[in-house]
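Working notes, structure below.
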Number of protein chains: 2
Amino acid sequence: MKKTALIMAGGKGERFWPRSRVNLPKQFLSLTDDGKTMIQLTVERISPLVDIEDVYIATNANYRELVKQQLPGIPEENILCEPIGRNTAPCIGLGAVHVAAKYDDAVMIVLPSDHLIKSNEIFKDTFVNACEVAEKGSNLVTVGITPNYPETGYGYIKYNKEACDGVAYSVEKFVEKPDLDTAKEYLADGSYLWNSGMFVWKVSTILECFKKFMSSTYDGLMKIKAAVGTADEDTVLQAEFPGLESQSVDYGIMEKASDIYTLAGNFGWDDVGSWLAVGRIKENDDNGNVVTVNTQNCVIEGAEKLIATVGLRDMIVVDTKDATLISTKENAGEIKKVLAKLREEGKNEYL
Amino acid sequence: MKKTALIMAGGKGERFWPRSRVNLPKQFLSLTDDGKTMIQLTVERISPLVDIEDVYIATNANYRELVKQQLPGIPEENILCEPIGRNTAPCIGLGAVHVAAKYDDAVMIVLPSDHLIKSNEIFKDTFVNACEVAEKGSNLVTVGITPNYPETGYGYIKYNKEACDGVAYSVEKFVEKPDLDTAKEYLADGSYLWNSGMFVWKVSTILECFKKFMSSTYDGLMKIKAAVGTADEDTVLQAEFPGLESQSVDYGIMEKASDIYTLAGNFGWDDVGSWLAVGRIKENDDNGNVVTVNTQNCVIEGAEKLIATVGLRDMIVVDTKDATLISTKENAGEIKKVLAKLREEGKNEYL
């Protein structure tokens, strides 16, 4: 069966300020040493499985030009601009109706645009298997990540160890972000995976699920589908999309559906959720414009200016052309408060 | 008796990097909100007591132009450039022979160029009294600072509480920088002052002391004196000064001499020894180009660029046009290691 991919790229990436800005969020930045942006890496990674004309990018109008610049091979009609962010369920629904308007049925791979993967080879093999499972019957497939520490910032997938068809396990339930003790239990139990937000299903399967579990959203999606490729396409999208229920696909569909399978993705995954992750994926060394004295376990991103650090532990220092951020790792979650203050003070040039 | 002043301004101010640079050390910077530099404030402070043509600046050739720019009223021949730093004793000796070449005898006030004083009025009154004590007989007078916490970074002056002539106390001894327990004892005892490096004496008195306690230095100084105002002045200075013993006036003279008196300077003194002191003297608020979130007890000096801090405690952040320093207060003493690294790496543009 034809394989397609929907790459979700509408995020603002506030936790990566000041590198990411409202006009240049994380997925359009290179955080690795190869110079490729996160979204370019994502498209490259899926290219052995999906033809470029079958790759769809869900984003918003502000980022349309960035997508065109960074991914010139993607057909312009595959750049789907949500009129407003409505969480993952409507976003996936929008992608699904575009695929459904093009093909009678097809496998649809859903991927975030801001993950880092160490082994593209294992990634490809995993998704070949996931596609096979998705094509059988009406299965919803999610690729989970084998946890290697008790992370409390992710949801988990509980699977049935006994119910494996060779590549995939039957999912028992999705669970919300746990507290630390619970996360430790999950890790020890061995039948939990991190919910990474990567999915595979047939378009027919996911649309059937929308009809069953999110029926008003389904109705709106059908109106949008009917207009795809017509002169009314944008008018209908602007009219219908904002009214769709803002809901995650996890809560709106996955937690309610049956026939859910998961595969363990052991391809070296990092969601690069914030500057904290950069410390995991990138060496910080004493070169370039950075001079460190007695400094340990820090993320330091220099720009043109010299950055000198003395006595730092567990900190994040990010210099850019017009702004410098200094934060403890512990308080990195509060970086968004800086943006709120800048907004309040009308200093929009820094957002 | 005629009053003169010697202001010592040869320091490199490394602990104020990156604001202070090898070509623009601390004493030539404004660290306060009034825009005046430290050395300008020092000259202004002594002006009610000393005519401008009797103010001498001891510095080195690198800073001659800065002195001329910042203190245009000082006669050029009063800018004394040491060929090499030789600690305070030879520096004071050089000033003394210049005063002695001009006046038969005179009172000489010796001041560092990088202190901050809250009350210029009380400062003036204190030095009026100190001059009176110095003029009587052959007294060496030092103005100490009443300690308000057990500082371990300064030497202390032990005086005799019983031996007060109304304004000055007889000094029992000078003591080196104490450990914390000892500093606490000094504080509790009530007969100790911080040694601030401010002195008053007659030129005849201090030269007599050089003759008695640092005789080879005295001989060199006399050769320099003989050449003052002649065509050979600079040649003799270059020949003699580097050979003088590198010694502090505290160790070389004060600890050995008798007839030493001290006055408590209660004029709101701060030696602004490092960035730590800036936190004491300057309010840091959330204005200008600084945005702070959950940040306490920090020294933050912004420049043109936006500085955003999150979760910081007890830190120093100093931004300048070409370099940004981030240091814990605890490790501020290691800032000089940054300079050492820059020197090693040949990055002299940042020194």
message = Looking at chain B, identify the longest residue range that excludes and avoids all GluC sites (Glu not before Pro) in DSSP loops having at most 14 other Cβ atoms within 10 Å.
response = B:1-175
Kirkwood-based shape ratio for segment B:99-213, expressed as Rg/Rh from alpha carbons = 0.99
ask   = Which helices pass in chain A if a helix is a full DSSP H run, must span at least 20 angstrom along its long axis by Cα, and must have mean Kyte-Doolittle hydropathy not below 0.0?
value = A:88-102
ask   = So how compact is segment B:1-98: Cα radius of gyration and Dmax in angstrom?
value = 13.1, 43
message = From zero outward in steps of 5 Å, how is the percent of C-alpha pairs of segment B:22-171 spread across the bins?
response = 2, 7, 15, 19, 21, 17, 11, 5, 1, 0
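Estimate the FRET efficiency between A:ASP51 and A:VAL22 by the formula 1/(1 + (r/R0)^6), using the beta-carbon distance for r and 30 Å for R0, to the nearest 0.05.
In this case the efficiency is close to 0.40.
Indicate the gyration tensor shape class of segment B:133-196 (rounded, prolate or oblate), computed on the Cα atoms with a ≥ b ≥ c the square roots of the eigenvalues: a/c under 1.5 is rounded; otherwise a/b larger than b/c is prolate and the rest oblate.
Prolate is the answer for segment B:133-196, as a/c is 1.5 or above and a/b outweighs b/c.
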inquiry  = Once you place label points 7 Å from the Cα toward the Cβ at A:ARG64 and A:LYS336, how far apart are they in nm?
reply    = 2.7
query = Out of the DSSP beta bridges found with both residues in segment A:43-196, what percent are antiparallel (nearest 5)?
reply = 75
request  = Please give the per residue volume of the convex hull enclosing the alpha carbon atoms of chain A, rounded to a whole number of Å³.
outcome  = 145
inquiry  = Checking the cross-link filter: which lysines have an alpha carbon closer than 25 Å to that of A:LYS336, excluding same-chain neighbours under 8 positions apart?
reply    = A:LYS12, A:LYS26, A:LYS177, A:LYS282, A:LYS305, A:LYS321, A:LYS347, B:LYS305
request  = From other protein chains only, count the Cβ atoms within 10 Å of every residue's Cβ in A:299-306, then give the mean.
outcome  = 3
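How many percent of DSSP beta bridges within the protein assembly as shown run antiparallel, rounded to 5?
45
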key: Cα-based reach from B:LYS256 at 16 Å (exclusive), listing lysines while leaving out same-chain residues under 8 positions away   = B:LYS158, B:LYS173, B:LYS211, B:LYS212
ask   = B:ALA101 label points, 7 Å along Cα→Cβ, one per copy: pairwise distances from this copy to the rest in nm, shortest first?
value = 9.2
ask   = Rounded to the nearest 0.05, what FRET efficiency is calculated for B:ASP165 and B:ASP34 with R0 set to 41 Å and r the Cβ-Cβ distance?
value = 0.65
key: Quotient of C-alpha Rg and 2.2 N^0.38 Å, computed over segment A:176-312   = 1.61
remark   = For B:ASN294, inter-copy label-point distances (7 Å, Cα→Cβ), nm, shortest first, read 2.6
Net length gained if the chain between A:ASN294 and A:LYS173 were fully extended (0.36 nm per residue, minus Cα distance) = 38.9 nm
query = Carbon and sulfur together cover what percent of the accessible area of chain B at a 1.4 Å probe radius?
reply = 45
ask   = Hey, what did chain A get for relative contact order, percent, Cα under 8 Å, at least 6 apart?
value = 20
key: Cα-based equivalent ellipsoid of segment A:291-351: semi-axis lengths in Å, sorted from largest, via gyration tensor   = 24, 15, 7
ask   = For the pair B and A, how large is the buried accessible area, both sides, in square angstrom to the nearest 100, if the probe is 1.4 Å?
value = 2900
task = Return a whole-number percent for the relative contact order of segment A:66-204, with Cα pairs under 8 Å and 6 or more residues apart as the contact set.
result = 31
message = In segment B:314-348, what residues drop by 20 Å² or more of accessible area when the other protein chains are put back, versus the chain on its own? Use 1.4 Å, and skip ligands and nucleic acids.
response = B:MET315, B:ASP322, B:THR324, B:ILE326, B:THR328, B:ASN331, B:GLU334, B:VAL338, B:LYS341, B:LEU342, B:GLU345, B:LYS347
remark   = the protein assembly as shown: spread of alpha-carbon positions along the three principal axes, whole Å, largest first, is 110, 49, 40
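The values are calculated or read from the model by the stated rules, or taken from the named source; none is laboratory data. Computed from a predicted structure; not experimentally measured. Every residue, glycine as well, gets a Cβ built from its backbone with ideal geometry; the counts of neighbours run over all protein chains shown. All accessible areas refer to the heavy atoms of the entire protein, side chains included, with ligands and DNA or RNA removed. Shrake-Rupley method; radii C 1.70, N 1.55, O 1.52, S 1.80 Å.
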